[in-house]
Amino acid sequence: MRTVQPTTPPDPLTPSVSPQGTTLGYALFATRWLQAPLYFGLVAAQGVYVYKFFNELWTLIVRCVSGSATETYVMLAVLKLVDVVMIANLLIMTIVGGYETFVSRIGLQGHRDQPEWLSHVNSNVLKVKLATAIVGISSVHLLQMFVDVHHTSHHALLWGTVIHMAFIASAVLLAYMSGPMLREDKGHGSHHGMPEGPRPARGPVERDRPQGPVDPPVPLRAPLPIPAQATSNENYETRFARGTTRLVRYEARREPQAGGAGTGNGNGTGNGNGVEGRIRAAGFPARKLLEEFDEGHPRSFDRLLLARLGTLDFVATGRNVVFVGAPGTGKTHLAIGLGVRACQAGHRVLFATAAEWAARLAGARAEGRLAQELSELDACPLLIVDEAGYLPFDPDTARLFFQLIAHRYERASLIVTSDRPLARWEEIFGGAAPAMVDRLAHHAEIVRLEGDSYRLRRATSAG
């Protein structure tokens, strides 16, 4: 039974907050800022370690130049430098990760130097990483004792080994105890990827979701393994019908297999009709492969990141990918290449420009079936939004994009290409941009492409 959409949907950016108890709650929550001076104190402590590092380095250089440095001294001095660096790394992790987790978001989304671990850090992950860093520091100290064994008592060696093993046992125990906590966080859709298994049916009110009519229960497909295998009863595909606003289902065509025996089953075996069907249904403007991308063209390009994206692990975990760069730097090529590879792995994919997605969602809203449309899109583990930013959108259309991103948040993956960094998305989506970027970039790989237009280069060389 179709639920009727209200003619004027509520503003998804204005949450309803009960006035009772909010003053006390906000006051208690504001006390988190008392921790801020502690982290700045750790910054001062890191400055002390920087001074200690260069002091030790200068002493080592002077003794090596004067010829008074023995091999044992050099080894111990280098281990001291490594020890200082590891402690400084521990401080950085505590300062940045702790401040981000317990005080306030730092807002590094889209920054080219954003640490990989910061995108999925929480208190449990932070504790495990700190324990691992402490074990590393203890290992360096123990190695120093064994290098200088002639000047270290057996009693000190014994207790150093015992303390080091205690650190290892503590780290293993902490990691073991954090495992169920992380799985519980995933089950509640917290800071990690998609939960395992089907998600419970959505109710009338859901955290961080636009409020609207109650949708019928829609089971969420579990992440497919890579490479994924389609089921034998998969007898239809989905496609983006140009000029329409809804998913069009069609029966997979059954064609003779190679050798003339039997019929294709549409699941990617035999003659590969299932793969071709998924690629046709995706609506790519052209077929482009990752292997065909000219990696030498962009001036700045993370090739290791592209190789990792090519494994499609981001699809299995419901993460997003955002390609940012000037026109002609290869954003659409890479988005299509990842989409084609996802089709080959057994995933359904839909490709459209931002303007086409806007028309599709606006049409569904006009028909009173926006919630149904968003639910039907759950059948596609990967949606590609191309050319976001070339045309600004009015507030109503921006809200539609917010609903699309919020609906897929921690459910399924998006690939977005844009000529503007996320910090400038207010120029495209107005007031909806901060909430949209917050959800899009929370579990996302930001890929920056810098360089001249590939098309203009070819046109210039041809002229």
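In summary, helices (runs of 4 or more DSSP H) completely within the stretch 278-365 and bearing 3 or more residues that are surrounded by fewer than 16 Cβ atoms within 10 Å (Cβ to Cβ) occur at 303-309. When residue 346 is tested against (1) modelled with pLDDT under 90; (2) in contact with a Gly (Cβ under 9 Å, 6 or more places away or on another chain), only condition (1) is not met. Could you go through the stretch 340-357 and let me know if any residue there is touching a helix residue (DSSP H, G or I) at 6+ places or on another chain (Cβ under 6 Å) and farther than 28 Å from residue 276 by Cβ. No, because not a single residue in the stretch 340-357 is touching a helix residue (DSSP H, G or I) at 6+ places or on another chain (Cβ under 6 Å) and farther than 28 Å from residue 276 by Cβ. Within the bounds of the stretch 363-376, is there any residue that is touching a Phe, Trp or Tyr at 6+ places or on another chain (Cβ under 6 Å) and farther than 14 Å from residue 318 by Cβ? The answer is no; no qualifying residue exists.
For residues that are assigned to a helix (DSSP H, G or I) and in contact with a Pro (Cβ under 7 Å, 6 or more places away or on another chain), scanning just the stretch 412-430, find the one that is surrounded by the fewest Cβ atoms within 10 Å (Cβ to Cβ).
The initial filter retains those residues of the stretch 412-430 that are assigned to a helix (DSSP H, G or I), namely 422-424, 426-430.
Going one step further and asking which of them are in contact with a Pro (Cβ under 7 Å, 6 or more places away or on another chain), we end up with 427-428, 430.
Details: 427: 11, 428: 21, 430: 15.
By that ranking, first place goes to 427.
The single condition among (1) within 20 Å of the chain's Cα centre (by Cα); (2) under 27 Å from residue 450 (Cβ atoms); (3) of a type in the set (Ser, Thr, Tyr) that residue 353 does not meet is (1). Number of residues in the stretch 390-411 that are closer than 23 Å to residue 331 by Cα and assigned to a helix (DSSP H, G or I) equals 6. Checking each residue in the stretch 419-463 for being of a type in the set (Phe, Trp, Tyr) and at pLDDT below 75 picks out only 454.
The values are calculated or read from the model by the stated rules, or taken from the named source; none is laboratory data. No experiment lies behind these values; they were computed from the predicted model shown. Here the Cβ is made from the backbone with ideal geometry for all residues, glycine too, and neighbour counts use every protein chain on show.
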